[in-house]
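Engineer: Before I ask anything, let me first share the structure, which is written out below as structure tokens.
The values are calculated or read from the model by the stated rules, or taken from the named source; none is laboratory data. No experiment lies behind these values; they were computed from the predicted model shown. We place every Cβ from the backbone using ideal geometry, glycine too, and count neighbours over all the protein chains shown. These area figures cover heavy atoms from the full protein model, side chains too; ligands, DNA and RNA do not enter into them. Shrake-Rupley method; radii C 1.70, N 1.55, O 1.52, S 1.80 Å.
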Protein chains: 2
Amino acid sequence: MIVNQKVNFMTVQQMAQLDATFSALSDGTRRAIVARLADGETTLSDLAAPFDMSLTAVSKHLRVLSDAGLVDIEKRGRTRHCRLRGAPIKEAVDWLSKYESFWIDRFDALARHLAKEENEK
Amino acid sequence: MIVNQKVNFMTVQQMAQLDATFSALSDGTRRAIVARLADGETTLSDLAAPFDMSLTAVSKHLRVLSDAGLVDIEKRGRTRHCRLRGAPIKEAVDWLSKYESFWIDRFDALARHLAKEENEK
DNA sequence: ACTTTACTCAACCATTCAGTTGACTATAAT
DNA sequence: ATTATAGTCAACTGAATGGTTGAGTAAAGT
């Protein structure tokens, strides 16, 4: 089985990591959790409090974030303490940054402008 | 109906845009399409060629990217020409950047190091 | 005029996802 | 010893996702 196959200069693992990161962050609740954790470590109950959903639901969200490697969960007595991990986020930023302020937007604007001029002749 | 409600200094629209952007990018096929479009404008058929799936499937992926505002699709005769738009990507990068190189990782590393020392005593 | 190309659309399918509830477990507090 | 707290787990639901196929349409090539 080929596991280290590269697609577009990217290993399958890196692809999977990006899948996990982006899909973890595609949910507003989970982004809120990330934002909250940026203010410091917290327990699951504390995290869940502001949300209008069951503890189980938040626990599941947290699990998604944890599986994606975005947060660390540490069991301490009967509480779970969660904190943010920056590494996978950095990978996502690195990927995105390639396409961010892309010249294409400026080209678009120009193309539209020319098309409009053409129509108005 | 409240439409401009702000949650954590972010409008619901901005939240929805981030939802759309991250979830659009959570699929490898769609990220490949974005990467491909960074090399320049292409038609749907051209885009679809390298993928081992139906044209319909790729068309759907493209629709997702278009709905998320990540690509522009322009009908020209019987072909659809697609190009990348940088703006929503920039928003995603801006959001992510807040949490990227977070001090927490360094703290983690330190904590783990100390814990290890403790164990080795 | 006929055929091919480049799609779209609708219907369907299997899987995943976000949420629920109710029962359970382990730790901490009284 | 009992009770409350913090959380997990399994089972269920409804909606969304990623894919398929087959039929249809509009433009281009011959």
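Engineer: Amide H to amide H under 5 Å from B:Thr42: which residues, 5+ apart in sequence or cross-chain, H placed 1.01 Å off N in plane?
Structural biologist: B:Cys82
Engineer: On average, how many beta carbons from a partner chain sit within 10 Å of the beta carbon of a residue in B:90-97? Could the numbers behind the result be given before it?
Structural biologist: Working: counts 7, 1, 7, 9, 2, 6, 10, 5.
Rounded to a whole number, the mean comes out at 6.
Engineer: With each label point set 7 Å from Cα along the Cα-Cβ vector, what nm distance links B:Thr29 and B:Thr43?
Structural biologist: It works out to 2.1 nm between the two label points.
Engineer: Can you list the residues of region B:51-84 that have at least 30 square angstrom less accessible area with all protein chains present than in their chain by itself, probe 1.4 Å?
Structural biologist: Buried by 30 Å² or more upon assembly, which counts only protein chains, are B:Arg83, B:Leu84.
Engineer: Let me ask you something else. Can you run phi through the Karplus equation (6.51, -1.76, 1.60; θ = phi - 60°) for region B:53-62 and list ³J(HN,Hα) in whole Hz, with x for Gly and Pro?
Structural biologist: After applying 6.51 cos²θ - 1.76 cosθ + 1.60, I find 7, 5, 4, 4, 4, 5, 4, 5, 4, 4 Hz.
Engineer: Kindly compute the accessible surface that chains B and A hide from a 1.4 Å probe when together, both sides summed, and give it to the nearest 100 Å². Display every interim value, and only then the final one.
Structural biologist: Numbers: alone 8890 and 8890 Å², together 14500 Å².
The buried area between B and A, both sides summed, comes to about 3300 Å².
Engineer: Just want to confirm a number: the relative contact order over region B:1-100, from Cα pairs under 8 angstrom separated by 6+ residues, in percent. Don't jump to the answer; show the numbers that get you there.
Structural biologist: Details: 91 pairs, mean separation 28.2, N = 100.
That works out to 28 percent.
Engineer: Could you give, in nm with one decimal, how far A:Gln14 is from each other copy of that position, shortest first, with labels 7 Å out from Cα toward Cβ?
Structural biologist: Label-point separations across copies, in nm and ascending: 3.1.
Engineer: Report, by chain and number, residues whose modeled amide H sits under 5 Å from the one on B:Val71, excluding near sequence neighbours (fewer than 5 apart, same chain).
Structural biologist: B:Ser66, B:Arg85
Engineer: Kindly write out, for region A:78-93 in residue order, the coupling ³J(HN,Hα) from the Karplus curve 6.51 cos²θ - 1.76 cosθ + 1.60 (θ = phi - 60°), rounded to whole Hz, with x marking Gly and Pro.
Structural biologist: Result, ordered by residue: 9, 9, 10, 9, 10, 9, 6, 10, x, 3, x, 5, 4, 4, 5, 4 Hz.
Engineer: Mind listing the label-point distances from A:Asp46 to the same position on all other copies, shortest first, one decimal in nm, points 7 Å along Cα→Cβ?
Structural biologist: Its label point is 5.4 nm from the equivalent points in the other copies.
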